[in-house]
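Scroll down for the structure; my scribbles are underneath it.
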Amino acid sequence: MNVFAEFHQRIGRHVDAIAASGRLPAGIDKTRFVVEPPRDPSHGDLASNVAMVLAKESKPHFANPRQLASEIAGLLAEDPDVDTAEVAGPGFLNIRLQPAVFTRVLREVLTLGTDFGRAPVEREWRAAEKVNIEYVSANPTGPMHVGHGRGAVFGDALANLLAFAGHDVVREYYVNDAGAQVDVLARSAYLRYREALGENIGEIPQGLYPGDYLKPVGAALAEKFGRGLLNQPEENWLESVRAAAIDAMMDMIRDDLAALKIKHDVFFSERSLTRGGRDLVAASIEELRERGLIYEGRLPPPKGAVPEDWEDREQTLFRSTEFGDDVDRPLKKSDGSYTYFASDIAYHKSKIDRGFLNLIDVWGADHGGYVKRMRAAVAALSQGRAELDVKLCQLVQLMRAGEPVKMSKRSGDFVTLRDVVDEVGVDAVRFMMLFRKNDAPLEFDLAKVIEQSKDNPVFYVQYAHARTKSVFRQAHAAFSGMDLSSAALQHTDLARLTDEGEIALIKLIAQYPRIIEAAAFAHEPHRVAFYLHDLAALFHSHWNRGKDQPQLRFVNQEERDLTSVRLALVSSLTSVLASGLNILGVNAPDEMR
């Protein structure tokens, strides 16, 4: 039961009724107004800007938004679920609901458990379409670092969120196994191969990957090929060494992802675009050319300082400016090979050809300048049918007790994600990666995220769930044989939950479906993390009130029936906390040690 969506529909019906009387235009767009919690809880349970949004259309029949708001408030006042409906300021609606509404919410949570807030299966809006989320897509040249981890956790939590909200989600990893970087990987692995055969390779040359993670790859190559690759020209060994190194790197990356509880549905190879007797890059370019979107021409020099590698030459260009980009984009380099952008066009065309019209790419912040051209390409390829949302993840600054963490010997030049997961645990990594908006910088302190204190958000939320479980252990001890199942608790007299702390908890629980819907619509899983923290804080606060006021405690040996009623509230809290943590990919513990 989404109270906010339900009252959006009710207000919409009142708007339709006023339109039927001729005082508002017929077929008015009702998606423009919102129903949300008021900023000040003392103003009521719901607030709507409907009259403000429809102010222009309401003239001349309503002189100002307050008049329209007053009429809608009068209609709402006749609703049996409404206690009061008042007009505030220039025309905002403040609505206070009858307690029975929130009683129904609790009974629904007790019925659905962790499925409370999940989109119904029969949903018929665009959310039900297939969504492709591409995330991580780290170059297969070494272990994942902490920056990769943020994008990985964000993408995975977003996929969980969208699936919970009713989308058909496919999780994809784009393997960048073509281009110069994998040739460098092969040369680095070949050097370790020589080392594995007993050669003193000395210091790793500049430009090659220095990390120790390539030593096992070299050893595997030595075992497979013996000394057969030694003293061979590069063209004789490059392809086989490159393939072996890429496979080894992807195995390592999959292991790193598994440590974060992340599993992709699809691993799409960049090399597959131009292998197997086909050239999907050329085919994509030709398709755009036939529609007049590819031409041969010159680009003006970039504004400001001109890069040394800029060339004033005629080249193959995509008309990306026709789709909102700042400049048309080249598709071929001076040597005739494809640009990265050309390959990305073909890759995104493959997504569209596979039936995806909702595309989400999760990139590092350093790719911000690439967003406009990729959106332009998707708009051109799909003729406006597909949407691409690019989510940029800002850098992670790794600290320990306020001091920067030194680089890892294993990687050679950065701290590996696996080292961090092994040190602080997957729950701390996942929650803290999501406890800030993806496009805001994140300071991750290894010492603080394992503190057992209210200043550590992941502990604070997990402890709330563990506390709810402890309440049930207390109840079992106090009332042996008492049926504490959700089915039994549904039939308790929930109207007895009248304390201000209990009511505040119920009203915050009622917001969960709206949080899910809004977070999914905005592609912002951090909203779920923020909500869980707020819910945990409210629960801990009410728990602490019970220390000073025994009559507020959840388990009261003198009040069996009241205990059952309060356990219904606790059970609902357990379900919502567990549901939200599951979306974030974080464990919901029964107890904290």
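The values are calculated or read from the model by the stated rules, or taken from the named source; none is laboratory data. Computed from a predicted structure; not experimentally measured. Glycine also receives a Cβ, built like all others from the backbone with ideal geometry; neighbour counts cover every protein chain displayed.
Counting only residues that are closer than 20 Å to Pro60 by Cβ and not in a helix (DSSP H, G or I), how many does segment 1-28 have? Of the residues in that region, 8 qualify. Number of residues in segment 417-454 that are over 21 Å from the mean Cα position of the chain (by Cα) and either among the polar types (S, T, N, Q) or farther than 19 Å from Pro404 by Cα (or both): the value is 3.
Checking each residue in segment 211-223 for being farther than 14 Å from Asp247 by Cβ and surrounded by fewer than 16 Cβ atoms within 10 Å (Cβ to Cβ) picks out Asp212, Lys215, Ala219, Glu223. Take the residues of segment 145-169 that are assigned to a strand (DSSP E or B) and within 19 Å of Arg118 (Cβ to Cβ): which is nearest to the chain's Cα centre (by Cα)? Within segment 145-169, the match that is nearest to the chain's Cα centre (by Cα) is Val169. Determine whether segment 256-265 contains at least one residue that is in contact with a Lys or Arg (Cβ under 7 Å, 6 or more places away or on another chain), surrounded by fewer than 20 Cβ atoms within 10 Å (Cβ to Cβ) and within 24 Å of Asp344 (Cα to Cα). For segment 256-265, residues in contact with a Lys or Arg (Cβ under 7 Å, 6 or more places away or on another chain), surrounded by fewer than 20 Cβ atoms within 10 Å (Cβ to Cβ) and within 24 Å of Asp344 (Cα to Cα): present.
Taking helices (runs of 4 or more DSSP H) as the structural unit, those lying wholly within segment 512-593 and holding at least 1 residues that are without any contact (Cβ under 8 Å) to a residue 12 or more places away in the chain correspond to 512-522, 526-548.
Out of the residues in segment 41-59 that are among the small types (Gly, Ala, Ser) and in a helix (DSSP H, G or I), state the one that is surrounded by the fewest Cβ atoms within 10 Å (Cβ to Cβ).
Going through the qualifying residues, I end up with Ser42.
Taking the criterion of being under 30 Å from Leu489 (Cα atoms) and either in a strand (DSSP E or B) or not hydrophobic (A, V, I, L, M, F, W, C) (or both), the residues of segment 85-106 that qualify are Ile95, Arg96, Leu97, Gln98, Pro99, Thr103, Arg104.
Checking segment 461-480 against the condition returns a match, with at least one residue being more than 20 Å from Gly149 (Cβ to Cβ) and part of a loop (DSSP other than H, G, I, E, B).
For Phe356, are the conditions met, namely being under 18 Å from Gln383 (Cα atoms), in contact with a strand residue (DSSP E or B) (Cβ under 6 Å, 6 or more places away or on another chain) and modelled with pLDDT of 90 or more? Answer is yes for this residue. If the condition is being more than 18 Å from Phe267 (Cα to Cα) and surrounded by fewer than 16 Cβ atoms within 10 Å (Cβ to Cβ), then segment 333-364 contributes Lys333, Ser334, Asp335, Gly336, Ser337, Tyr340.
Can you tell me which residue is surrounded by the most Cβ atoms within 10 Å (Cβ to Cβ) among those in segment 120-136 that are under 17 Å from the mean Cα position of the chain (by Cα) and modelled with pLDDT under 95?
Among those residues, the one meeting the criterion is Ala127.
Filtering Arg32, Arg104, Arg23, Arg96 for residues that are touching a helix residue (DSSP H, G or I) at 6+ places or on another chain (Cβ under 8 Å) and closer than 20 Å to Asn2 by Cβ leaves a single hit, Arg32.
Of the helices (runs of 4 or more DSSP H) lying entirely inside segment 343-440, not one carries at least 2 residues that are aromatic (Phe, Trp, Tyr) and touching a residue at least 60 places away in the same chain (Cβ under 8 Å).
On inspection, Glu558 passes the criterion of being acidic (Asp, Glu) and at pLDDT below 95.
Among residues belonging to segment 1-40 that are free of Cβ contacts under 8 Å to residues at least 12 places away in the same chain and of a type in the set (Lys, Arg), point out the one that is surrounded by the most Cβ atoms within 10 Å (Cβ to Cβ). Step by step, filter segment 1-40, then rank; the result is Arg13. Against the test of being over 37 Å from the mean Cα position of the chain (by Cα), aromatic (Phe, Trp, Tyr), not in a helix (DSSP H, G or I) and not assigned by TED's automatic domain parsing to the domain that holds Ile516, the options Phe62, Phe33 yield a single qualifying residue, Phe62. Against the criterion of being crowded, with 22+ Cβ neighbours inside 10 Å and in contact with a Leu (Cβ under 6 Å, 6 or more places away or on another chain), Leu584 qualifies. Annotation: Ala178 fulfils all but one of (1) surrounded by fewer than 22 Cβ atoms within 10 Å (Cβ to Cβ); (2) farther than 30 Å from Tyr531 by Cα; (3) modelled with pLDDT of 95 or more; (4) of a type in the set (A, V, I, L, M); the unmet one is (3). Among the residues examined, Arg329 does not qualify as more than 25 Å from Arg275 (Cβ to Cβ), touching a residue at least 12 places away in the same chain (Cβ under 8 Å) and touching a strand residue (DSSP E or B) at 6+ places or on another chain (Cβ under 7 Å). Screening the candidates Asn160, Asn94, Asn132 for the property of being farther than 30 Å from Ser240 by Cα and in contact with a Phe, Trp or Tyr (Cβ under 8 Å, 6 or more places away or on another chain) yields one hit, Asn132.
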